[in-house]
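The values are calculated or read from the model by the stated rules, or taken from the named source; none is laboratory data. None of these values were measured; they are calculated from a predicted model. All Cβ positions, even for glycine, are placed from backbone atoms using ideal geometry, and neighbour counts span all protein chains on display. The protein model used for the area step is the full one, side chains on, heavy atoms only, and it has no ligands, DNA or RNA in it. Shrake-Rupley method; radii C 1.70, N 1.55, O 1.52, S 1.80 Å.
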Amino acid sequence: QTTYPGVGRPATPAEITAWDIDVRPDFKGLPAGSGSVAKGQVVWESKCASCHGTFGESNEWFAPIVGGTTAEDVKAGRVKTLVTGDVSRTTLMKLSTISTLWDYINRAMPWTAPKSLTTEEVYAVVAYILNLGDILPSDFVLSNENIAQVQEKLPNRKGMRRDHGLWNVKGPGDVRNVACMKDCPVSSGPASSLPEHARDAHGNLAEQNRPVGGVRGAETTGKPAL
Amino acid sequence: QTTYPGVGRPATPAEITAWDIDVRPDFKGLPAGSGSVAKGQVVWESKCASCHGTFGESNEWFAPIVGGTTAEDVKAGRVKTLVTGDVSRTTLMKLSTISTLWDYINRAMPWTAPKSLTTEEVYAVVAYILNLGDILPSDFVLSNENIAQVQEKLPNRKGMRRDHGLWNVKGPGDVRNVACMKDCPVSSGPASSLPEHARDAHGNLAEQNRPVGGVRGAETTGKPAL
Amino acid sequence: LGAQAAIAQPPGYKGDSAILELPEHSKGLGQPVAARAYGEPSKFEKNLQRRESPGLTRVAAASVSFAPLQGLFGIITPNGLHFERHHQGWWDIDPNQHRLMVMGMVKQAKVYTMDDLMRLPSMSRMHFIECGANTGMEWGNVAVPTVQYSHGMLSCCEFTGVKLSTLLDDCGFDRKNGKFVLAEGADGSSMTRTIPMDRALDDVMVAWAMNGEMLRPENGYPLRLVVPGIQGVSWVKWLRRIEVGDEPWGTKDETLHYIDLMPDGTHRQYTSIQECKSVITTPSGGQTLLDKGFYNVTGLAWSGRGKITRVDVSVDGGRNWKTARLEGPTLTKCLTRFNIDWVWNGGPAVLQSRAIDETGYVQPKINQLRATRGTRSIYHNNAIQSWKVAESGEISNVQIY
Amino acid sequence: LGAQAAIAQPPGYKGDSAILELPEHSKGLGQPVAARAYGEPSKFEKNLQRRESPGLTRVAAASVSFAPLQGLFGIITPNGLHFERHHQGWWDIDPNQHRLMVMGMVKQAKVYTMDDLMRLPSMSRMHFIECGANTGMEWGNVAVPTVQYSHGMLSCCEFTGVKLSTLLDDCGFDRKNGKFVLAEGADGSSMTRTIPMDRALDDVMVAWAMNGEMLRPENGYPLRLVVPGIQGVSWVKWLRRIEVGDEPWGTKDETLHYIDLMPDGTHRQYTSIQECKSVITTPSGGQTLLDKGFYNVTGLAWSGRGKITRVDVSVDGGRNWKTARLEGPTLTKCLTRFNIDWVWNGGPAVLQSRAIDETGYVQPKINQLRATRGTRSIYHNNAIQSWKVAESGEISNVQIY
Ligand code: HEC
Ligand code: HEC
Ligand SMILES: [Ca+2]
Ligand SMILES: [Ca+2]
Ligand SMILES: [Ca+2]
Ligand SMILES: [Ca+2]
Ligand SMILES: [Ca+2]
Ligand SMILES: [Ca+2]
Ligand SMILES: [Co+2]
Ligand SMILES: [Co+2]
C-alpha cells in the first residue's frame, strides 16, 4: 500500500534508458563505445568549430576550450599557470574529470542541437579535443575501455579541492569579521572606484531608475560625473 | 527643527480650500449657499436622470435612489419596510445623515463629470431628491441655514447603530462557535445547493481553471452536472 | 519491487512517448535572457484571470473583479491577479504630479510629493485585503459556482510605505481631540473613509508598493492606504488627503453601503473588521477530481484581529475534523496557507475548513451568523464554506451546518 | 505654526497647480475592472526592467539578466522582474507533457506527471535565490555602476511545491548508501547538479509555483528545484529527473564553472552555500540624491546558513556603525529588508551595510575575502558594498575597507 494512492507510476526500463544519460567521474553511466581522434576532427569541424574555433581557441561564443596546458602539466596533473598566471582559463586548464567533458558534450552540444550526437561521435570529439590540447596522439581511439587511463593524463586532474566550508550548511565561513561599531579601523580613501568609462557602459542610468522618489538615476549619456 | 528635514512643506490656504471638500454629519465643511427644488429638477433632468431615472427609480446603473419611504417613516425616523420587508433598498430608505447625500453628490456626481456641480446645484439637487421622496415640498429652498431641520425629516435618521464589535479591533465577535472535533452535530443534508441554472452562469468553468494539476475545471457549457 | 509495480502496464508497453521521444526543448536552443524585460506567465496559464461576476453590478467601472483563488498558491497574490474594486474607474496617475495633503486638527497642514514620502522612514508588512462584501452573494442561499466568485475579493501582498502615524506626528496632530482620520482618494469618486485614531496610530500605512514593486494602477498607484484587518473599502486608493477630526464622517460608503441590515431593521454602521475566516481553495467548487486517491487539500485562513493559530478541516460535512498544517510564516492580519492530506475513496464527501485566530474566535457556521444578523445582510460573511464532492468527482458549492 | 512654516513661499504664491487645478482623474470616469485580466505595472514604471550587463557573456541564451534592485521594495521580487540565468535558453513547456522521473538508488523508480505532483502534500516557503556569480564582477576592482549589475542576480519568492524528501520516500530511496542526488533539467543544456543528501532531506523542494502563481517560463515552468541557501545554479529549472547515487557527479557546472580558483592554483569544487551578505539598495550607485535632508536608507540582507539577526549601517565608510531596523518576518534563507534613518548634510559620505546571521557570522570586507581566496575568484563574493556620495548628490560604486 503506497502512502499516496493514485499518484505516480513505475518508470519503465525504456523510459529510464531514455533519460538516464549522466556519466559520473567513476564512469558510472558511460555507455560502451569508442571514437577516434580522426573521426572527432570531422565532427568538430562540421559541428563545433563554427562556434569554438577550428582549434578550440575561439573566444567568440565562450571562453576557449583548448590551450594553456603543457606536457609538464600532463605529467604533474596540475596546471602551472593556474598557480601563477592571471590569464583567462580554458576548459582544458580546469578539467579535472574526463567524464565531465563526455557527459556535457553528450547532453548539451552542439548548442543549437543538443543530444544529436551518436555515442561514437561523443567519444570521438572528446578524443579530438584532448588531441588539440596535446594530451592524446592523433591516432588515438578513445573508448570505455581506455577512458580511465586517459583520465590519468588530464593536466588538471589533481587540481580540485573539496575541503572548504561552502559545501556543508553547518560548515565554517572562510573569514571571521567582527562587528566593530565605533572608531573602527578603515583604509584611507577608496581602494577602487568606478572607472569613468564604466559610468555609462551600461547605458543611461537615468533611464534605469524610477523617475520619482528621493533619488533619480544619474544622467550618464555624454555627461561626466558631477 | 523638524524630524525630517527637507521632506514636505506647509499647505497653503488656497490648497486646503481646493481639496477640503468633505461635509460631516454635524455639517462641518458645508459651504454656505442654497438651492431650490425647482432648480434641482433642472439639474436632475439634465445631468442625473439619464442614469438614475426621471424619478430616481432607475435600477439600470445602480439601485434606485428614491422610493420605499412613507410619511410615517418621516415622522418616526425609522423606515418600516426595513424591519419587515425583504425588498431591495433605495438610497432614501437607508440615508440617515443628509450630509452624506450632499457630500457624495458634491464630490462624485454626475458620474462621468464629478466635481462639476456648483454649490447651488448640489443644494438644489439634494433638495429635489428629497422632494421626489416626498420629504420636502416643491417650493422648498435648501440652504446651510435650514439643512439641520431637514436632517430631522430623514425617514431613516434613527436607523443606524454603532454598538457592535466590528469597529473595535479588540471588540467581541458576534457569534461564538466552538471547535468541536468529533461526532459534531450537523444538519442533515445541504440546506442550500448551487441551483442548476447557476452552474454555467459564470461561463465555462473548464476555462477558468488550470488545465493541469490534480483537478480540472468542470465543463459547464451545455452539460449537466455529472 | 515496491507495491507500485503492481500497477502493471499493458504487455509490450515501452513507456510514455513524452519520455521516450525527447521533446523539442531538450533538443534545441531556447529564448535569450531579457527576451521579456518584464515577464509574463506561461501561455498555459491564461485560464487564471481576474473575472467579473455577471449581474453582480450594473457598470464595470463601479464593480469588482475577482481573484482566481482556485488556482493560486501560498499567501502572496501575484499583482496581475489582485482583485479589483473601483467606484469610478481606475487611473494611471503620474506620480510626479501626485500630492498628499495632511490637514485638519494638526499644528501644521502639510503637502507631500511622492519624492517626499519615499524619503520617509519606510516599513514593509504582509497583509491580506478583503472586501467587506466578499462572500456577500452567499448570505442567503448558494449563488455562485466557484471560490473565485465566492471568496475572490481577497488578496494578500507585502506592502511598503510609511506609517500613517509618522505623517500625523510630522504635522503635529491634535493628540487630545483628534479622534478620527478621514482618508480621501484622488479618483472621480474621491472615495472617503473614516479611520478611528487607535487604528490610525497602530498599523495603518500610507503605501506606495505592493509585492516588491510600485502599486499597480488598479490598486491605487502611486499611493494607497493600508488598513490591516479592515475591509478593503477603507484602504483608500490614489490617496490624496488625510484629515484629522473629532467626529466620524458618515460618508456614502459608511451610510449607504458597507452597512449591515439587522433583523430589527436597523443598520450597523462602521462595521469594518474582517473577522476570522477560511476557505478551501483546491479542490473547490466547479473543479473535478481526476480520479480516486490521494489529494493535498489546501486553502487560506485569515483574521482581521490578528494571527491564525489553527485551521481544522472536515471531509464529512462537519461531523469530524482534523487539524491542518499551517505554512509559515503565520503573520498578523495576513493570509495563512493551510494544507492537509486526504485520500478520496470515490464516495460523496463534503469539504469544510474552520479557522481559529489568536483571540480564540472560531470561524462560525452560516446559521450562527444568521441567528445574529438575519438573512438580509451583504457584508462580513465569514461563514464556514462547504464544498460537496459528487461521486463523479465534480465539486459543487453547498451550505451545510 | 510649526517650524516648517518657516519655508516661506514667494509672496502672492497661491499654491501648487497640481493641487489648485484638479487633475483629470479627479473630474472624470476611469477604466473599468478587468480592463486587464492580468494586470501590468504603471506606464510610469517602465524604467525598472531586468537588464543584461553588456560584455558579461557572449550569447544572450547563455547569459544573465539582472533584477533592478535599485527600485524594488520589501523582500518579494515581482515575478516579472525576477533575475534570469539560462544556459541554453528558456522554454514555455506544456505542463501536461512534462514528466518528473525519480530513479537511481531507489526501490521503485517512478514517473510523475504534473497532475501527480500537484496532488502531493504541498508546502510554501519564502526563500532568496542568488546566483553564485552575483557580485562576481567586483572581485578585482569596481566594475559596474549600479546595484542592478553588482547584486541583481538575486531574487526572493514564496515557493510552493512538494518536499524532495516526500518523493524520495515515495520511491523508497536507499537511506544507507544514497549519499547524493542528481537533479537534471529538460532544457537543451539539461543542466545537472549534485545535491548532498543532507540538503535533499532538509528543506529542498520540487516547486511549481512562485509568488502565488505557477513558475514563470524563464524560471523553470512548470517545475524547478528550490535549494534554500544554495547558489542558484543548483535550483535546476524545467526539472525532469532526480537520481539517487553514492557519489557526486562532477558535472560541467561543478568542474568547469562555479569553482573557485584559490591562490595556490587549486580550484574549490562544490562551493554552494551563499554566505551572509547585504547591500544598500536605495540610495545606491548611479543614483543622485534630490537634495540635502532626511533619507530612508534601505537594503537587503540574507544568509544561506539561516536567519539574519542584525544589520549595521555606516555612513562614514565603515568607521562608525548603527544598527538598522529589520522588517519582519525574518525568515531562514530568505531576504530580510532593513531600513535606517539618515540626514544627509550635503557633504561627502560613504554608505555601507554589514549583515550578521544566526550563526554569528559577520559579513566580511572584500580584503578579508581576498586574504583567503585571492584576487582571481568569481563566485561567492559576499563582501560589504560601499556607495560613495559626492557633494553633488551623485552616488558611485567604490571599494573601501
Ligand atoms: C552554435 C554555437 C555552438 C556550437 C555549434 C557548439 N557549441 Fe559548444 N558551447 C557553446 C556555448 C554558447 C557554450 C556555453 C554554454 C553555457 O553557458 O552553459 C558551449 C560550451 C561548450 C563546452 C563547455 C566549455 C566549458 O568550459 O564550459 C564544450 C566542451 C563544448 N561546448 C563543446 C562543443 C562541441 C564538442 C561541439 C560540437 C559537437 C560544440 N560545442 C558545438 C556554443 C556552441
Ligand atoms: C453616467 C451615469 C450617472 C450619472 C449621469 C449620474 N449618476 Fe449618480 N450614480 C451613478 C453610479 C454608477 C453610481 C454608483 C457609484 C458607486 O458604485 O460608487 C451612482 C451613485 C449615485 C448616488 C449614490 C446612491 C447610493 O445609494 O449609493 C447618488 C445619490 C447619485 N448617484 C446622485 C446623482 C446625481 C445627483 C446626479 C446628477 C447631478 C447623478 N447621480 C448623475 C451613475 C450616474
Ligand atoms: Ca493516477
Ligand atoms: Ca545515472
Ligand atoms: Ca563609456
Ligand atoms: Ca524638499
Ligand atoms: Ca474637512
Ligand atoms: Ca444557466
Ligand atoms: Co468593497
Ligand atoms: Co549562476
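Quick test for you: out of D:295, D:258, D:270, D:221, pick the one residue that is within 14 Å of chain B (Cβ to nearest Cβ) and either within 16 Å of ligand 4 (Cβ to nearest atom) or within 26 Å of residue D:194 (Cβ to Cβ) (or both). Break it down stepwise before answering.
Details: D:295 fails: either within 16 Å of ligand 4 (Cβ to nearest atom) or within 26 Å of residue D:194 (Cβ to Cβ) (or both); D:258 fails: within 14 Å of chain B (Cβ to nearest Cβ); D:270 fails: within 14 Å of chain B (Cβ to nearest Cβ).
One residue alone meets the criteria, D:221.
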I'd like the residue in the stretch B:52-79 that is over 16 Å from residue B:129 (Cβ atoms) and over 19 Å from the mean Cα position of the chain (by Cα) and, out of all such residues, is most open to solvent (accessible area, probe 1.4 Å). B:75
Do the conditions hold for residue B:80, that is, is it away from every other protein chain (no Cβ under 12 Å) and away from ligand 7 (no atom under 16 Å from the Cβ)? no
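If you check B:91, B:97, which single one turns out to be in contact (Cβ under 8 Å) with a residue 60 or more places away in the chain, facing another protein chain (nearest Cβ under 7 Å), β-branched (Val, Ile, Thr) and within 28 Å of residue C:271 (Cβ to Cβ)?
On the way: B:91 fails: in contact (Cβ under 8 Å) with a residue 60 or more places away in the chain.
Exactly one residue qualifies, and that residue is B:97.
From the list A:199, A:216, A:157, exactly one residue is crowded, with 18+ Cβ neighbours inside 10 Å and closer than 30 Å to residue C:221 by Cβ. Which is it?
Details: A:199 fails: closer than 30 Å to residue C:221 by Cβ; A:157 fails: closer than 30 Å to residue C:221 by Cβ.
Residue meeting the stated conditions: A:216.
Is it true that residue D:270 is at pLDDT 95 or above and within 27 Å of residue D:372 (Cβ to Cβ)? Don't jump to the end; show me each part of the working.
Details: at pLDDT 95 or above: yes; within 27 Å of residue D:372 (Cβ to Cβ): yes.
So residue D:270 fits the description; yes.
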Subset of the stretch C:91-117, residues open to solvent by 10 Å² or more (accessible area, probe 1.4 Å) and facing chain D (nearest Cβ under 7 Å), comes to C:91, C:92, C:94, C:97, C:99, C:107, C:108, C:115
List the pairs whose first member sits in the stretch D:206-218 and is open to solvent by less than 10 Å² (accessible area, probe 1.4 Å), whose second member is in a strand (DSSP E or B) and among the acidic types (Asp, Glu), and whose Cβ atoms are under 6 Å apart, counting only residues at least 6 apart or on separate chains? D:211/D:158; D:218/D:84
Restricting the stretch C:353-374 to residues that are under 18 Å from residue B:187 (Cα atoms) and either more than 7 Å from every other protein chain (Cβ to nearest Cβ) or not in a loop (DSSP other than H, G, I, E, B) (or both), the residue that is most open to solvent (accessible area, probe 1.4 Å): C:371
For a quick check of your reading of the model, give me the residue pairs whose first member lies in the stretch A:182-202 and is farther than 11 Å from residue D:317 by Cβ, whose second is hydrophobic (A, V, I, L, M, F, W, C) and away from ligand 4 (no atom under 16 Å from the Cβ), with beta-carbon atoms closer than 6 Å and at least 6 apart or on different chains. A:192/D:142; A:193/D:142; A:193/D:398; A:194/D:142
For residue D:241: the one exception among (1) part of a loop (DSSP other than H, G, I, E, B); (2) more than 18 Å from the chain's Cα centre (by Cα); (3) buried (at least 24 other Cβ atoms within 10 Å of the Cβ): (1)
Residue B:49 meets each of (1) open to solvent by 50 Å² or more (accessible area, probe 1.4 Å); (2) away from ligand 9 (no atom under 16 Å from the Cβ); (3) hydrophobic (A, V, I, L, M, F, W, C) with one exception, condition (1)
It is to be established whether one or more residues within the stretch C:257-265 are in the same structural domain as residue C:199 (by TED's automatic domain parsing), under 30 Å from residue C:216 (Cα atoms) and surrounded by 24 or more Cβ atoms within 10 Å (Cβ to Cβ). yes
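With respect to residue C:233, determine if the residue is surrounded by fewer than 24 Cβ atoms within 10 Å (Cβ to Cβ), within 19 Å of the chain's Cα centre (by Cα), away from chain D (no Cβ under 12 Å) and more than 16 Å from ligand 4 (Cβ to nearest atom).
Values: surrounded by fewer than 24 Cβ atoms within 10 Å (Cβ to Cβ): yes; within 19 Å of the chain's Cα centre (by Cα): yes; away from chain D (no Cβ under 12 Å): yes; more than 16 Å from ligand 4 (Cβ to nearest atom): yes.
Here the answer is yes, as residue C:233 does meet what is asked.
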Return yes when residue C:120 is more than 21 Å from the chain's Cα centre (by Cα) and open to solvent by less than 10 Å² (accessible area, probe 1.4 Å) and no when it is not. yes
Between D:78, D:54, D:68, which is at the interface with chain C (Cβ under 7 Å from one of its Cβ atoms) and either more than 16 Å from ligand 4 (Cβ to nearest atom) or under 22 Å from residue C:210 (Cβ atoms) (or both)? D:78
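Yes or no: residue B:19 in contact with a Lys or Arg (Cβ under 6 Å, 6 or more places away or on another chain) and modelled with pLDDT under 95? Steps first, answer last, please.
On the way: in contact with a Lys or Arg (Cβ under 6 Å, 6 or more places away or on another chain): yes; modelled with pLDDT under 95: no.
No.
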Condition broken by residue A:87, with the remaining ones in (1) part of a loop (DSSP other than H, G, I, E, B); (2) of a type in the set (Val, Ile, Thr); (3) more than 9 Å from ligand 1 (Cβ to nearest atom); (4) closer than 13 Å to residue A:133 by Cα satisfied: (4)
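Residue-by-condition table, conditions (1) at pLDDT 95 or above; (2) on the phi > 0 side of the Ramachandran plot:
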{"site": "D:315", "(1), (2)": "yes, no"}
{"site": "D:319", "(1), (2)": "yes, no"}
{"site": "D:339", "(1), (2)": "yes, no"}
{"site": "D:357", "(1), (2)": "yes, no"}
{"site": "D:380", "(1), (2)": "yes, yes"}
{"site": "D:401", "(1), (2)": "no, no"}
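Can you list the strands (runs of 3 or more DSSP E) found entirely within the stretch D:280-334 that contain at least 2 residues being under 20 Å from residue D:68 (Cα atoms) and in contact with a strand residue (DSSP E or B) (Cβ under 8 Å, 6 or more places away or on another chain)? I'd like the intermediate steps shown before the answer.
Working: elements: D:287-289, D:293-302, D:308-314.
Filter on the stretch D:280-334 gives D:287-289, D:293-302.
Can you tell me which residues in the stretch B:7-25 are buried (at least 17 other Cβ atoms within 10 Å of the Cβ) and within 24 Å of the chain's Cα centre (by Cα)?
Within the stretch B:7-25, B:19, B:20, B:22, B:23, B:24, B:25 meet the criteria.
Before we move on, is residue C:288 touching an Asp or Glu at 6+ places or on another chain (Cβ under 6 Å) and away from chain A (no Cβ under 14 Å)? Walk me through how you get there before you give the answer.
Values: touching an Asp or Glu at 6+ places or on another chain (Cβ under 6 Å): yes; away from chain A (no Cβ under 14 Å): yes.
Taking the combined requirement at face value, the residue satisfies it.
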If residue C:155 satisfies every condition in (1) touching a His at 6+ places or on another chain (Cβ under 7 Å); (2) of a type in the set (Ser, Thr, Tyr); (3) farther than 25 Å from residue C:308 by Cα but one, which is the exception? (3)
Return the residues of the stretch D:275-285 that are at the interface with chain A (Cβ under 7 Å from one of its Cβ atoms) and either out of contact with any Ser or Thr (no Cβ under 7 Å at 6 or more places or on another chain) or within 20 Å of residue D:332 (Cα to Cα) (or both); say none if nothing qualifies. D:275, D:283
Does residue A:82 count as open to solvent by less than 20 Å² (accessible area, probe 1.4 Å) and within 13 Å of ligand 1 (Cβ to nearest atom)? no
Residues of the stretch D:278-325 satisfying the condition of being basic (Lys, Arg) and either farther than 18 Å from residue D:127 by Cβ or outside the structural domain of residue D:336 (by TED's automatic domain parsing) (or both): D:292, D:310, D:319, D:322, D:325
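Quick check: anything in the stretch C:377-387 open to solvent by 30 Å² or more (accessible area, probe 1.4 Å) and not assigned by TED's automatic domain parsing to the domain that holds residue C:131? Steps first, answer last, please.
As a first pass, look at the stretch C:377-387 and keep what is open to solvent by 30 Å² or more (accessible area, probe 1.4 Å): C:378.
Those left that are additionally not assigned by TED's automatic domain parsing to the domain that holds residue C:131: C:378.
The answer is yes; a qualifying residue exists.
Out of D:56, D:29, D:20, D:69, which single residue is within 20 Å of the chain's Cα centre (by Cα) and open to solvent by 10 Å² or more (accessible area, probe 1.4 Å)?
Numbers: D:29 fails: within 20 Å of the chain's Cα centre (by Cα); D:20 fails: within 20 Å of the chain's Cα centre (by Cα); D:69 fails: open to solvent by 10 Å² or more (accessible area, probe 1.4 Å).
Residue meeting the stated conditions: D:56.
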